[in-house]
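Have a look at the structure below before the remarks.
The values are calculated or read from the model by the stated rules, or taken from the named source; none is laboratory data. Please read all numbers here as calculations on a predicted model, not as lab measurements. Cβ placement follows ideal geometry from the backbone for every residue including glycine, while neighbour counts extend to all protein chains displayed.
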Amino acid sequence: MGYVLHAVIADGALLRGAARDVAAARLAPLGQGLSLMPMTDTLFDAVTDGGPARPPGFRRLPGGFDALLATWSAAGPVAYVEAEYFGGVGEQRAAAWDGGTLVLGPLRVGEGQGLPAAGSPISQVLRRLGAVAGTDEDEFTAVGLGRHRDPEAWIG
């Protein structure tokens, strides 16, 4: 069974405010006051600037969307995350913006690479958003990102 995640993550109130300007945005609550905006096909089409270029290091971040994430981050930290796994093998990519600028990443752990001492890319950006890991769990697990295996399930 696979796991796919392409999403924006931020404080729930911040993300609700940002989503008001994007009709295609759908939100799902996470733990620790965070929310997730899955990058659905509809959202991708709504926020891309039409250019072919994606910010470096990402597969599904729409062209020009990083500028919107930077704008949203004026109100607080915002992260974009991607994870794709099948049978325990896969990769993660993540970045965080705060105060209008990219402050972490893009981070990437590819197939067959070990995790850095600081943790997975997604756990690192979640930490930047204020997530706290519990005993015997990382930030990814602590906020509940394992609840669903694909982006559409978060809003289904």
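In region 97-131, which residues are closer than 22 Å to Ser73 by Cα, β-branched (Val, Ile, Thr) and surrounded by 12 or more Cβ atoms within 10 Å (Cβ to Cβ)?
Within region 97-131, Val103, Ile122, Val125 qualify.
Checking the condition farther than 17 Å from Arg127 by Cβ and touching a strand residue (DSSP E or B) at 6+ places or on another chain (Cβ under 7 Å), which residue from Gly17, Gly33, Gly57 passes?
Result of the check over Gly17, Gly33, Gly57: Gly57.
Do we have any residue at all in region 40-48 that's crowded, with 22+ Cβ neighbours inside 10 Å and under 13 Å from the mean Cα position of the chain (by Cα)?
No, because not a single residue in region 40-48 is crowded, with 22+ Cβ neighbours inside 10 Å and under 13 Å from the mean Cα position of the chain (by Cα).
Is there a residue in region 76-83 that is β-branched (Val, Ile, Thr), farther than 18 Å from His6 by Cβ and modelled with pLDDT of 95 or more? Walk me through it before giving the result.
We begin by selecting, within region 76-83, every residue β-branched (Val, Ile, Thr); these are 78, 81.
Adding the requirement that they be farther than 18 Å from His6 by Cβ leaves none.
No, every residue in region 76-83 fails to be β-branched (Val, Ile, Thr), farther than 18 Å from His6 by Cβ and modelled with pLDDT of 95 or more.
Taking region 132-156, which residues are of a type in the set (Ser, Thr, Tyr) and surrounded by 12 or more Cβ atoms within 10 Å (Cβ to Cβ)? Talk me through it step by step, then tell me what you get.
Taking region 132-156 and keeping what is of a type in the set (Ser, Thr, Tyr), we get 135, 141.
Answer for region 132-156, where residues must be of a type in the set (Ser, Thr, Tyr) and surrounded by 12 or more Cβ atoms within 10 Å (Cβ to Cβ): just Thr141.
Please enumerate the residues belonging to region 9-48 that are in a strand (DSSP E or B) and without any contact (Cβ under 8 Å) to a residue 40 or more places away in the chain.
Selection gives Pro29, Ser35, Met37.
Here are Gly88, Gly17: which of them is over 11 Å from the mean Cα position of the chain (by Cα), surrounded by fewer than 22 Cβ atoms within 10 Å (Cβ to Cβ) and under 23 Å from Asp150 (Cβ atoms)? Explain how you work it out, then say what you get.
Numbers: Gly17 fails: under 23 Å from Asp150 (Cβ atoms).
Only one candidate qualifies: Gly88.
Failed condition for Glu82, given (1) among the charged types (D, E, K, R); (2) more than 20 Å from Ser35 (Cβ to Cβ); (3) in contact with a strand residue (DSSP E or B) (Cβ under 8 Å, 6 or more places away or on another chain), with all others met?
Condition (2) is where Glu82 drops out.
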